[in-house]
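The values are calculated or read from the model by the stated rules, or taken from the named source; none is laboratory data. Values in this document were obtained by computation on a predicted structure and should not be read as measured data. Quick reminder, even Gly has a Cβ in these numbers, built from the backbone with ideal geometry, and neighbours come from all protein chains shown. Just so you know, the surface numbers come from the protein's heavy atoms only, side chains and all, with ligands and any DNA or RNA stripped out. Shrake-Rupley method; radii C 1.70, N 1.55, O 1.52, S 1.80 Å.
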Amino acid sequence: MEAEASEGSAVVFGASGGIGRALVLRLRASGCFDTIYAGSRDPGSDWPDGVVPFDFDLTDEALIAAATRRFVNPILVIVATGLLHDEARGIAPEKSLRAIDADAMARLFAINTIGPALIAKHVMPLLPKDCRSVFAVLSAKVGSIGDNALGGWHSYRASKAALNMLIRNVAIEMAREKPQAVIAALHPGTVDSDLSKPFQRNVASDKLFTPDQAARQLLTVIDGLTPDAAGGLFAWDGTRLPW
Ligand SMILES: NC(=O)c1ccc[n+]([C@@H]2O[C@H](COP(=O)([O-])OP(=O)(O)OC[C@H]3O[C@@H](n4cnc5c(N)ncnc54)[C@H](OP(=O)(O)O)[C@@H]3O)[C@@H](O)[C@H]2O)c1
């Protein structure tokens with residue numbers, strides 16, 4: 001991010017994830033923020049000075065609400081959580097309708113859609129009214145209905161499409177209440193993390209980003225966005241993708 005006088009703090013939900021952790025470290029290194037709040041289910045303590053860990057679970061609204069009450073002057077909030085597969089729960093992307101399982105689909109929606117909605121509910125009131133602020137969530141290009149030519153991955157695609165709609169709705173509501181707020185969903189590209197590990201085989205090495213590379217690219221995109229983003233879906237190179 002461009003170094004400039006700090007007037008507030010940044011928050012990353014999902015700081016234990018591949019991209020989330022890299023975002024926290026990049027934001028810390030930028031020197032642009034008073035504090036970086038780094039949230040995860042198991043926050044740990046191996047963070048540099050200036051990073052304040054907090055715990056939350058996307059499926060527990062009370063924990064989300066308690067966490068948000070600790071934030072002082074948040075001006076940038078990034079939701080970097082997400083779920084594609086979970087071997088322990090028998091969750092894997094479906095190749096066909098036959099593979100759809102109600103519990104697995106419900107879990108994907110709980111993590112990819114409802115959790116970020118609850119975060120928006122509790123953090124949007126904290127953002128300033130009179131200066132630029134940003135609420136960004138990591139979504140996925142496969143959640144774009146307009147871009148979907150391949151099909152498959154029913155639950156993940158549908159939960160991310162629903163997330164994209166939610167973010168558009170947040171933007172419409174905030175345009176009235178906080179016109180300087182920037183609201184966007186971001187597609188990070190394919191990034192080397194636990195989430196993408198089983199699906200990297202056919203990805204060209206120059207298209208598989210390191211988490212740090214992805215964090216740098218996403219923060220550059222965020223820097224360039226204005227309230228005209230209007231809850232749109234933006235790729236790692238700044239391209240606006242179809243909903
Ligand atoms: N990696 C890619 O190629 C790629 C591509 C497109 C989009 N994305 C999107 O980018 C985002 C980040 O992905 P990533 O690659 O960094 O994945 P990751 O390394 O698997 O990280 C996922 C994060 O979500 C958190 N999370 C999962 N369930 C949670 C819950 N119940 N409560 C709180 N946190 C929870 C995880 O926390 P725990 O450590 O506690 O599990 C972790 O911090 C996701 O939204 C993903 O869909 C990634």
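Please find, in a Gaussian network model of the chain (springs between Cα atoms separated by less than 10 Å), the residue of R28, R201, R168 whose mean-square fluctuation is greatest.
Residue with maximal mean-square fluctuation among R28, R201, R168: R201.
Take E177, E7 and sort them by solvent-accessible surface of the protein heavy atoms, 1.4 Å probe, largest at the top.
E7, E177
What number, in percent, do you get for the relative contact order of the chain if the mean sequence gap of Cα pairs under 8 Å and at least 6 apart is divided by its residue count?
Worked out over the chain, it gives 20 percent.
In what order, largest first, do W47, W243, W236 sit by accessible area if the probe radius is 1.4 Å?
My answer, sorted largest first, is W243, W236, W47.
Taking the Cα atoms only, what angle lies between the long axis of helix 211-224 and the longest principal axis of the chain, rounded to 10 degrees?
For helix 211-224, the angle is close to 60 degrees.
So what's the back-of-envelope 222 nm ellipticity for the chain, counting only DSSP H runs of four-plus at -39500 (n - 2.57) apiece and dividing by all residues, rounded to 500?
Value at 222 nm, helices only, nearest 500: -10000 deg cm²/dmol.
Roughly how many whole Å is it from the C-alpha centroid of region 89-113 to that of region 167-185?
29 Å
Cα-Cα over 28 Å: which of K178/K207; K129/K207; K121/K141; K160/K207; K95/K207?
Pairs exceeding 28 Å: K178/K207; K129/K207.
Over the alpha-carbon set of the chain, divide Rg by the Kirkwood Rh and report the Rg/Rh ratio to two decimals.
Rounded to two decimals, Rg over Rh is 0.94.
Could you compute how much accessible surface R70 exposes when probed at 1.4 Å, giving the result in Å² to the nearest 10?
Roughly 120 Å² of R70 is accessible to a 1.4 Å probe.
How far is the Cα center of region 1-78 from the Cα center of region 186-243, in Å?
Answer, in whole Å: 19.
Positive end of the dipole of the chain, charges at C-beta (+1 Lys, Arg; -1 Asp, Glu), about the Cα centre: which of L63, G224, L127 has its Cα farthest in that direction?
Selected residue: G224.
Just by accessible area at a 1.4 angstrom probe, what is the order of I75, I36, I100 from largest to smallest?
Most to least solvent-accessible, the answer reads I100, I75, I36.
Which order do the peptides 140-151, 110-121, 49-60, 10-21 come out in when sorted by mean C-beta neighbours inside 10 angstrom, highest first?
10-21, 110-121, 49-60, 140-151
How many percent of the alpha carbon pairs in region 107-163 exceed a separation of 12 Å?
Of all Cα-Cα pairs in region 107-163, 68 percent lie more than 12 Å apart.
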